[in-house]
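In what follows, a single structure is set out as structure tokens and then discussed.
The values are calculated or read from the model by the stated rules, or taken from the named source; none is laboratory data. Bear in mind that the values here come from a model prediction, so they are computed numbers and not experimental data. Here the Cβ is made from the backbone with ideal geometry for all residues, glycine too, and neighbour counts use every protein chain on show. Areas reflect the complete protein model, heavy atoms only, side chains present, ligands, DNA and RNA absent. Shrake-Rupley method; radii C 1.70, N 1.55, O 1.52, S 1.80 Å.
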Amino acid sequence: EDHWVAGTVERVDRMMMAVGSQHWISRDGGETWTTAPAADSQGDYGVSFADTLHGLTGGGRNDPDGIGWAHYTMDGGLTWSGRTLITGSAIRGVEMVTPEIGFAAGGNYLAATGEIWKTTDGGLTWNLDAAMDAEITVIESERMSGAYVDVIAAGVYPDFRGGVWRNHLYLPDLSGPVLQVDPDTLDFGMVARGDTGTVITTFRNIGGATATLYGVQTGHPAF
């Protein structure tokens, strides 16, 4: 029997999964593999896990009619939900940032439409996060600091130009030190010659580990 694979292999710790017409799963770092039915009866187009339990998959088609969908799992892919997101064009990629926060993206470049959807409850419900006139084909995320995660989406326009979109997501990693500066820009206004201007800023460690402040450097000061 012929099968097809879509997207890249997802890996979290020693769990690995590839999706397409069915699922290929390894829980020992790729030494052994098992197969399972796809989450959707029409196959899956991408998969992403926040940990070894919480994951998303999606798929869809644009021809002859436009439809997209997403499913979630809370047991490492042993079972999957029904379609919890149904869109008017295909979902081309999913990205699970935390067990609660995830994204699904897609569109149809021939119709100059693209959408990014966001869930904050693990895939149970969805809201439209962004719309553009290009089909989103890839969506990924990367932690940039203790406070922010960048969600990056890339897509294609009807004239085959490419585009990249970024969501600078405030998502503190509270397991370590997270330094919050308020305000993070100091405006001294007008200060007369010979006078002194004073502006107060506050440093807070909102994380779960001790932070040691050794010094402060200014960047791009303007006078």
Taking 7 Å along the Cα-to-C-beta vector as the label spot, tell me the residue 98-residue 212 distance in nanometres, rounded to one decimal.
2.9
What does the net charge come to around residue 101 if you take all other residues with beta carbon closer than 12 Å to its beta carbon, with K and R at +1 and D and E at -1?
-3
Length-normalised contact order for the chain - Cα pairs under 8 Å, 6+ apart - percent:
10
Which semi-axes, in whole Å and largest first, does the equivalent ellipsoid of the chain have when worked out from the alpha carbon gyration tensor as the square roots of 5 times its eigenvalues?
41, 23, 13
Note down the net charge around residue 172, summing +1 for each Lys or Arg and -1 for each Asp or Glu among other residues with Cβ under 15 Å from its Cβ.
-3
Counting DSSP beta bridges in the range 128-184, what percent are antiparallel, to the nearest 5?
100
Within the range 90-122, find all residues whose amide N lies under 13 Å from a label point positioned 7 Å from the Cα of residue 5 along Cα-to-beta-carbon.
none
Reference-scaled alpha-carbon Rg (2.2 N^0.38 Å with N residues) for the range 16-58
1.10
Rounded, prolate or oblate: which fits the range 100-174 when a ≥ b ≥ c are the square roots of the eigenvalues of the alpha-carbon gyration tensor, with rounded for a/c under 1.5 and prolate only if a/b beats b/c?
oblate
Tally Lys/Arg at +1 and Asp/Glu at -1 over every other residue whose Cβ is under 10 Å from the Cβ of residue 143; what's the total?
-3
In units of 2.2 N^0.38 Å, what is the alpha-carbon radius of gyration of the range 10-116?
1.05
Hey, could you get me the Stokes-Einstein D for the range 75-134, Kirkwood radius over alpha-carbon pairs, 4 °C and 1.567 mPa s, rounded to whole µm² s⁻¹?
107
Roughly how many percent of the accessible protein surface of the chain is carbon and sulfur, given a 1.4 Å probe and a whole-percent answer?
52
Longest exposed-site-free window of the chain, the sites being GluC sites (Glu not before Pro) in a DSSP loop that have at most 16 other C-beta atoms within 10 Å:
101-223
Counting other Cβ atoms within 10 Å, keep those with at most 14, restrict to DSSP loop, and tell me which trypsin sites (Lys or Arg not before Pro) in the range 143-205 are left.
161, 193
Global form of the range 50-179, assessed from the alpha-carbon gyration tensor, a/c cut-off 1.5
oblate
I'd like the distance between the alpha-carbon centres of the range 79-154 and the range 1-78, rounded to an integer number of Å.
15
I'd like to check one number: the per residue accessible area of the chain, probe 1.4 Å, reported in Å² as a whole number.
58
Expected unfolding gain across residue 65-residue 166 under the 0.36 nm per residue rule, minus the alpha-carbon gap, is 33.4 nm
Taking the convex hull of the alpha carbon atoms in the range 152-192, what volume per residue do you get, in Å³?
143
Of 57, 91, 77, whose Cα points farthest to the positive end of the dipole of the range 51-112 (charges on the beta-carbon: +1 Lys, Arg; -1 Asp, Glu; origin at the Cα centre)?
91
In Å, the C-alpha Rg and Dmax of the range 112-223 are 20.4, 61
For the range 33-89, projected area of the alpha-carbon convex hull averaged over all directions, nm²:
4.1
